[in-house]
Each structure stands twice: as C-alpha cells, then as structure tokens.
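Before any comments, here is the structure.
The values are calculated or read from the model by the stated rules, or taken from the named source; none is laboratory data. Note that this is a predicted model, so its numbers are computed, not measured. Using ideal geometry, Cβ is built from the backbone for each residue, glycine included, and neighbour counts are taken over all protein chains shown.
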Amino acid sequence: MTATKYPRIVTGTHGPEEGAGAGTPWPDDVPPEQDDTWYPLRDDPWKARRMEYLIAAFWAVTAVCGIGLMVVYWTGGQTQLEGALFAAGAGCLGTGLVLWARFLLPGHEVTGSRGHHVSSPEERAAVVESLSRGTDAMMSRRGFLVKKVLAPVGGIFGIAAIWPLASLGPRPGRYLYHTKWYAGARLVTEDNRPVHVSDVMVDGLLTVFPEGYIGDASSPAVLLNVGTAAVSEPYGESGFEVVSGANGLVCFSKICTHAGCAVSLFNVLSMQLICPCHQSTFDVLDGCKPVFGPAPRALPQLPLGVREDGYLYAKHDFYQPIGPGFWNRGSDRQYFPKVSS
Amino acid sequence: MSTVEERSASRKRAQRQGQALDFVDDRLGSSKWIRSALDKIFPDHWSFMVGEVAMYCFVLLLATGIYLALFYSPSSAVVTYHGSYAPLDGQKMTQAYESVINLSFNVRFGLLMRQAHHWAANIFLAAIAFHMCRVFFTGAFRRPREANWIIGITLLLISMLEGFSGYSLPDDLLSGSGLRVVYSIVQSIPFVGPWLAFNVWGGPFPGSSAFLQRLFVIHEFLFPLLLAGLLGAHLAVLWHQKHTDFAGPGKTEKNIVGSRLWPQYAIKSQALLMFVAMVVFGLGGLVQINPIWIYGPFEAARSSAGTQPDWYVGWLDGALRLWPHWEFRSFGHEIANPFFPGILLPGIVFTVIYAWPWIDKRVFSDYGEHNLLDRPRDKPLRTALGVAALIFFIDTTLASATDLIGNGLQVSFELLIEILQYGSFVGPVIGGVVAYRTCILLQRTGAHPVQRPVGGIIVRDAHGAYHTLGAEHDGHEGNGHGGPEEVVLGAQAHREA
Ligand code: FES
C-alpha cells in the first residue's frame, strides 16, 4: 500500500553487509533513487497550506481545552469536565501530530541494513584475553584465595548484611494458634454491647467480639440463633451450644478457613453461611462444615456459656487454630480434649 | 514565503543547529551516535505499537502517581471522619483511607488524577499482556531476543505486583479483603509461610502499623524503580538488536524496512502518547473506577459480596475459587489449600513462560537467529499452546466473577463454578485443537484470516487456464509471508502494482 505512494530508498548510513553473508543484494524492488525530503503534499502547496490550517485548528482546540481546564480549576473543579477537557485537548494535539507527520513531514519507507549486532571472533578472543589477565592471576595456586577464602567469607558477610531483615516482623510463635477469646470473655457487639441470650431472634445472626478486643482481626465470630433445630457439635463433643427456651445459640469463627475473608453472608432457607470471597458454603446445623467451595475445613466453633444474668460468654478460646491453614497447623482433631459442659 | 527566503532560513537554521551540536560534540563526541539515532529505522505495523502504549501508560502512571503520593498518608492510625463526604461522617477509619477520601473529594483534580492513575494501571497491564501475546505468537522471542523476553516477563510480573500493591493502599474494604487473601496465600507456603507473612506484614494480619508504610515504599519507590530500570534495559536491547518485522516483499533477515526515527517515527510516537493520555484521562474523568467511599474502610469482620480484583489478578482469584477444597496433611504438617492455586499455579505458569524461548528451540529444533517473524499459522503447535493458555486464563478470570455472572444469568454460582472447573481442562484442549486445525487450514489456503486474499492465489479454471485472484489489489505488504514461493509471488504482485 505504502509502496505505491512513497518512493522507497536505500539508506546510506549503514552500508551493505560485510563479512559473513556479504554480497546479499538489496531487494530488487527497491528503487535506487534517494530523496530524504519528500513528503506527500510537497508538490501541492495549496493542499499543504490547507493541511497546515487544519492542523493549526486542531491545536487551537487543545489551547481552548487548556484554558477550559484552568477555568474549571478556578471555579472549584468538576471531575467529568476535567476528564473531558483533558481528553479532548490531548486527542486534538495527537491528531494534529499525526496529520503533520503523515502529510507534511518526510517519512517514506526506507530500507536499511540491520548491520552486525554481534562482535567478530577476533573481538571476542580479545575479550577473553583481557579477562584471563585477571582471572589467571586470581586463580593461581588452584584458586586458594578465591575458592577457599573469598567465597565463604563473602557468604558469611552477605548473610550478616541481610540479617537485619529479621527485624521486619516478630516470629510467628503461637500467634496463629490463638485468638483473643479467653475463658469467661463476654460476647460483645461491634459497638461494645454485651450480648444477651434473647438478643438474637431465631434465624438471626450477629457479629461478636471478645469483650475488650473489638475489631481484633483474628477474633470476629458470628453468633447464630438456630432455634430448636438440632445441631451437631464438633467431634461429638458437647457444650458448645446454648439452649434457652426456643433459642438455640451457636457461635463460629467468622474468619474463613479458605483464605481468611469474613464469612458474612447467611442463607436462612438452607441455614448456610457463605463466604463472599470465593463462595465457600458452610452448613450451620452441621458444625459449619464446608459443603461447597474451596474451604477445606469447618469454621471453628466457640464453646458458649450463659451467665446468671443472661449474658453470653465464651467458655474457652476456639480449640483449633482459626482461619486458613499453615505448615505447622496440625489436624483439627488433635485440638479437642473433652469439653466440660 | 518564497523559496529563496525559505532556503536562506534553512541555511541559517542548519548553522545554528550546527553550533549547538558543536557545543555538545566538543564535550561528548556524540555526533555519530546522534546521526545513527535520528536515522534509525522502525518498521510500521500496528501491533508493534502496543508495547509503546504500555510505555506511555507507565509515563502517565509516574506523573499521576507522583501527584497522588503528595497527598496520600501511609498511616494506619485510626481517626474519626468528619469531612465533606457526609455518608461516612463519624466513621472510624485509618488515616490512609481518610487521606484518599480527602484527595477524592476535597482536592481539585484529585479524583481525576486518582481515577486516571487507576485506569492507566489497567491499560498498562492490558497493553503488556497484548504485547507479550504478540511476541509469543509471532516468535519474536527467538534468538537473539531471549534476553528481552526474560526482561519483558519480569516487567509483567513486577507490574502485576505493582498494580496489586497500589490497589491495596487506600485501605478500603475491598483492598483489605484482597490483602487478607494474599496474607493467607503467603501463610500457606510450606516451611516458611507464617514466618514470611509475619515479616512482610510485621505481625499477624492485618499487620503492624509499619505495614502500610512498607506497602507505600514498595509501591512508589521500589517497584517503580525496578520497572524504570528494566524498561530502560528492554529498550536498550531493542535499540541494539533492531526491531523484528513480518516477512514481506523486499524484506530479508538482513535488512530492515520502515520509517526513520526523525521526524516521522518520533512525531507519530508523540501522537501515540497523546492518544494514550486522551483515553486515560477521558476514562479517569468520565468513568468511575474503584469508588472506595462506597466500599467503606476495611474491617476484619466485614467483607462484601461482588468483590472484584483488578482484571489482571482475576485469574488468580478465579483459580482460588476453582481449586477444590483439598489440602494435604501428614506427619503433623500441612500444605494449605491456597498454596496450590495461589503459589504453585502462578509459579508453574511463569516458569514455563520464562523458559519458553528454550522450550521453543527444542520443540521446533530451531536454534538459529531470526529477525523475520513467524505468522501464527506457521507454527501451529506454538499457536495452539498459546490459545490453550489464553483460554485457561479467560476461564479462571471468569471464575473470579462467578457471583456477578451468576446474578446476571440467574444461574447458581455452584453450577457456574462447576462448569468453569471442567472448562479449565476442556476449554484449553478444544481451543488448542481448533487453533491447530485453523493454522493448518490457513497454511493450505494461504488466505488471511481477516483481510481479503493477498498476492498470488492462483486458480486453474475448467479450461485449464490459470488466473490470479485479487490481481487488482494494491500489494498488502507484510502479508506475503510463508514459504519462498509465496514471497516470490508477493514480490511479483508488487511489481505489477
Ligand atoms: S476466603 Fe472464604 S471462600 Fe475463600
């Protein structure tokens, strides 16, 4: 397409190939004449002038957009207008540039040699020679200094140099095995109200924290009222549920065992908790065992108790580590002693 | 203006330019280099511009990013909001979140800059991904360009991390959930996971007060520096090796056909910068993105449905959804679930991509140097593999939006996930086979998949006479690829034209 419009020329800058592969002729459809100043509208001053005006008009719009942007700024800013003016200004500037390059600036297709992007064998040999000047001397006596001394010394010193990285964080220790729940901790809501047995309606749910640790990232739990429905408790143990009249209260870690999102959706019809992140689904009546999705384990259950005054408390921290897995977590079961009810 | 006048003006200009260049050359001896730079030839093909789009996105990202950094506060100190955005009044939030809200509502042009920055990041990654596909499907990574492939993939990797770290800075509910998931992925690494996570975050999730600062330093200093350095190296290698080109009339392994850097290519390239700016700022002003004031500040006890990561991490999020509920446990140790889709999968994917130039050599027993590109059809196997990988990518990306798609199509997300789980196996196989057969078919017919036929398709009619189809065409260049016969035919067609 372009070939019919522009004369093709052979560049003289790099010259034809030398050395290996020399004598490769230029492609025979490349005409020999060279005119570096040719552009499409060169021979038509009238059209060229009109093109100049057109380009100038585009750039004038850019200037108007610039003034517009300043006005918008002075008058307090307006995001949509700012974006539109910015876009129009840049677009017109770009369009002008394209027209300019396309019609008024030299730019026909040219053919050049790729030249050599690699060095000759002699040059390479010379480099090896220069290198050996150093390495031969360094590696004398079978490289005693380099291999036996410098390498281990560098290793030791290098490790010492990156050692301060260890200050970046504490060691995991037992952090991942515990939450802020403790024996006797009252359940409180986000706004620090203690939770009474009658606070949650049947089929209702509430996000709770251990008293004194509202907002702690490992401790959020979800308290559900399953009414009189039968619930299974973990590993056949009892003492997790609080039953009072028509209320049956169970409490689970809200941190998904898949990747740690807050399990915050509840389907009342199927009594399932659903994690919005990757749609793991947990069956509340069956100890929040996962029934769909990538979550590999049940949500840990909090052993609930109720005080004389009717407020709920935790009899213990979650027995097993909450949330997603990790290398030393062990299996859930090993964390279950008999729970005293 | 008369020609005489113009000529004398030109002479004067040349004199002045000469003086300026003398000044420089007296000190740097740079004339030879400048001459060859100005005369440098760049082939014209639209697909070669996409890498440039990425580069200009990077420029805009730097410009808008510096502006944003002047307002952002990387602090996790908790404050109570009493600003101009009424719905959040009285809410507790981190200073980081508050600073982004203030930037969005109280700083003139602040929201434009923020949204433009976010859009530019998405386009940046899209351009890089497209550029990589172009290089892959045309075999531009072959010798001598392996180094630039490696640098390019590293650029992609760092850009993804850079994008994710930036997405996380506002400390809103969405990005907080994203960070929670990433924390879990890091924590799931065998042996070192918990230790690594504790060191990066400065403690158990959500990390110490230093974490946001770390993220900020990584996002606005460490990664941009790496990107700028690697981009420089990428361009330097390209400059030295010169651009690849499609085969075509008059094109050989030893020559290069195109327009010169000065003025044609330089001006057009600046125009491209302007067009990228037009799109980025147009979207930034007119199309809302990441409205963090709707999501609210991050709280560990909350996450909302319909959470969507930026598109380029969607495939990993989708993989997390598709990987079954397996994790492996023995001898008191376990390899936790997120490790497989979150670390192993991208690990394998990137290893294969990094190693591809060498795998490709072995597969096609082709260890030679190439400056002319393959057409995708020339290497059906490579094309099929690439298509299969793309379909896998699309499948997992779709999986990251199962809730949204499910709502839209009135399908349960369970069914959708199951379909996509099978799809991640079946889809690539089907796609690969179709691509392979299409390549073979195109090889036989010599037709262009989208353009009209080119050059010499010779048909023989019932009387035994030969006709050339499409003889009146204007010689699509860059289209007469393939075997030597085709090139000859293309060249002849060209001479006729
Ligand atoms: S974090 Fe809950 S399903 Fe992934």
- Restrict the check to the stretch A:207-219 and report whether at least one residue is in a strand (DSSP E or B) and of a type in the set (Ser, Thr, Tyr). yes
- Query: Which one of the conditions (1) closer than 24 Å to B:His325 by Cα; (2) in contact with a Leu (Cβ under 9 Å, 6 or more places away or on another chain); (3) at pLDDT below 95 does B:Asp395 fail to meet, given that it meets all the rest?
  - Reply: (3)
- Task: Give me the pairs, please: first residue somewhere in the stretch B:325-350 and more than 7 Å from every other protein chain (Cβ to nearest Cβ) and farther than 17 Å from B:Phe191 by Cα, second residue anywhere and within 16 Å of the ligand (Cβ to nearest atom) and not aliphatic (A, V, I, L, M), beta-carbon distance under 6 Å, and either six or more positions apart or on two chains.
- Result: B:Pro341/B:Trp323
- Query: Taking B:Ser259 and the conditions (1) over 30 Å from B:Asn199 (Cβ atoms); (2) within 13 Å of chain A (Cβ to nearest Cβ); (3) assigned to a helix (DSSP H, G or I), which numbered condition does it fall short on, given that it satisfies the others?
  - Reply: (3)
- Tell me, please, whether a residue that is free of Cβ contacts under 8 Å to residues at least 60 places away in the same chain and charged (D, E, K, R) can be found in the stretch A:93-103. no
- Query: If only one of A:Tyr335, A:Tyr313, A:Tyr235 is touching a residue at least 24 places away in the same chain (Cβ under 8 Å), on the phi < 0 side of the Ramachandran plot, away from the ligand (no atom under 16 Å from the Cβ) and hydroxyl-bearing (Ser, Thr, Tyr), which one is it?
  - Reply: A:Tyr313
- Message: One residue is enough: does the stretch B:241-253 have a residue meeting the conditions within 12 Å of chain A (Cβ to nearest Cβ), assigned to a helix (DSSP H, G or I), in contact (Cβ under 8 Å) with a residue 60 or more places away in the chain and more than 16 Å from the ligand (Cβ to nearest atom)?
- Response: yes
- Message: Condition first: of a type in the set (A, V, I, L, M), under 26 Å from the mean Cα position of the chain (by Cα) and modelled with pLDDT under 95. Now tell me which residues in the stretch B:421-456 satisfy that.
- Response: B:Val450
- Query: If A:Asn247 passes every condition in (1) away from chain B (no Cβ under 14 Å); (2) of a type outside the set (A, V, I, L, M); (3) within 16 Å of the ligand (Cβ to nearest atom) but one, which one does it miss?
  - Reply: (3)
- Task: For the stretch B:280-295, indicate whether the set of residues that are within 16 Å of the ligand (Cβ to nearest atom) and at pLDDT below 95 is non-empty.
- Result: no
- Which of the residues belonging to the stretch B:262-296 are assigned to a helix (DSSP H, G or I), more than 10 Å from chain A (Cβ to nearest Cβ) and touching a residue at least 40 places away in the same chain (Cβ under 8 Å)? B:Ile292, B:Trp293, B:Tyr295
- Query: When you go through A:Pro300, A:Pro290, A:Pro324 one by one, which is the residue that is farther than 19 Å from B:Pro204 by Cβ and within 15 Å of the ligand (Cβ to nearest atom)?
  - Reply: A:Pro290
- Query: If we only count helices (runs of 4 or more DSSP H) wholly inside the stretch B:319-412, which ones have 2 or more residues that are closer than 24 Å to B:Ala147 by Cα?
  - Reply: B:345-364, B:380-399
- Would you check which residues across the stretch A:57-87 are within 14 Å of A:Trp100 (Cα to Cα) and either without any contact (Cβ under 8 Å) to a residue 12 or more places away in the chain or not assigned by TED's automatic domain parsing to the domain that holds A:His108 (or both) and list them? A:Ala57
- Can you name the number of the only condition in (1) within 12 Å of another protein chain (Cβ to nearest Cβ); (2) more than 14 Å from the ligand (Cβ to nearest atom); (3) in contact with a helix residue (DSSP H, G or I) (Cβ under 8 Å, 6 or more places away or on another chain); (4) not acidic (Asp, Glu) that A:Tyr213 fails? (3)
- Task: Run A:Phe282 past the list (1) touching a residue at least 40 places away in the same chain (Cβ under 8 Å); (2) within 16 Å of the ligand (Cβ to nearest atom) and report the number of the one that doesn't hold.
- Result: (1)
- Query: What residue, of B:Leu174, B:Leu156, is in the same structural domain as B:Thr94 (by TED's automatic domain parsing), of a type in the set (A, V, I, L, M) and closer than 19 Å to A:Ala262 by Cβ?
  - Reply: B:Leu174
- The lone exception for B:Ala37 - which of (1) out of contact with any strand residue (DSSP E or B) (no Cβ under 6 Å at 6 or more places or on another chain); (2) at pLDDT 95 or above it fails: (2)
- Taking the stretch B:191-214 only, how many residues are touching a residue at least 40 places away in the same chain (Cβ under 8 Å), within 13 Å of chain A (Cβ to nearest Cβ) and closer than 26 Å to B:Leu156 by Cβ? 2
- Query: Does A:Cys256 meet the test of being within 9 Å of chain B (Cβ to nearest Cβ) and modelled with pLDDT of 95 or more?
  - Reply: yes
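Table: residues versus (1) in the same structural domain as A:Lys315 (by TED's automatic domain parsing); (2) touching a residue at least 12 places away in the same chain (Cβ under 8 Å).
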position	(1), (2)
A:Arg142	no, no
A:Leu150	no, no
A:Ile162	no, no
A:Val188	yes, yes
A:Arg193	yes, no
A:Asp203	yes, yes
A:Val208	yes, yes
A:Glu211	yes, yes
- Item | Selection from the stretch B:104-142 of residues that are of a type in the set (Gly, Ala, Ser) and more than 30 Å from B:Glu253 (Cα to Cα) | B:Ser104, B:Gly110, B:Ala116, B:Ala120, B:Ala121, B:Ala126
- Query: Restricting attention to the stretch B:301-318, which residues are of a type in the set (Val, Ile, Thr) and outside any helix (DSSP H, G or I)?
  - Reply: B:Thr307
- Within the stretch A:225-336, strands (runs of 3 or more DSSP E) holding 2 or more residues that are in contact with a strand residue (DSSP E or B) (Cβ under 6 Å, 6 or more places away or on another chain): A:247-253, A:265-267, A:272-274, A:281-283, A:289-292, A:304-306, A:312-314
- List the pairs whose first member sits in the stretch B:297-322 and is more than 7 Å from every other protein chain (Cβ to nearest Cβ), whose second member is among the acidic types (Asp, Glu), and whose Cβ atoms are under 7 Å apart, counting only residues at least 6 apart or on separate chains? B:Pro297/B:Asp171; B:Pro297/B:Asp172; B:Phe298/B:Asp171; B:Phe298/B:Asp172; B:Gly306/B:Asp403; B:Pro309/B:Asp317
- Task: Taking the options B:Pro291, B:Pro324, name whichever one is in the same structural domain as B:Phe205 (by TED's automatic domain parsing), at negative phi and surrounded by fewer than 16 Cβ atoms within 10 Å (Cβ to Cβ).
- Result: B:Pro291
- Task: Report yes if A:Thr62 is in contact with a Leu (Cβ under 6 Å, 6 or more places away or on another chain) and either in a helix (DSSP H, G or I) or modelled with pLDDT of 60 or more (or both), otherwise no.
- Result: yes
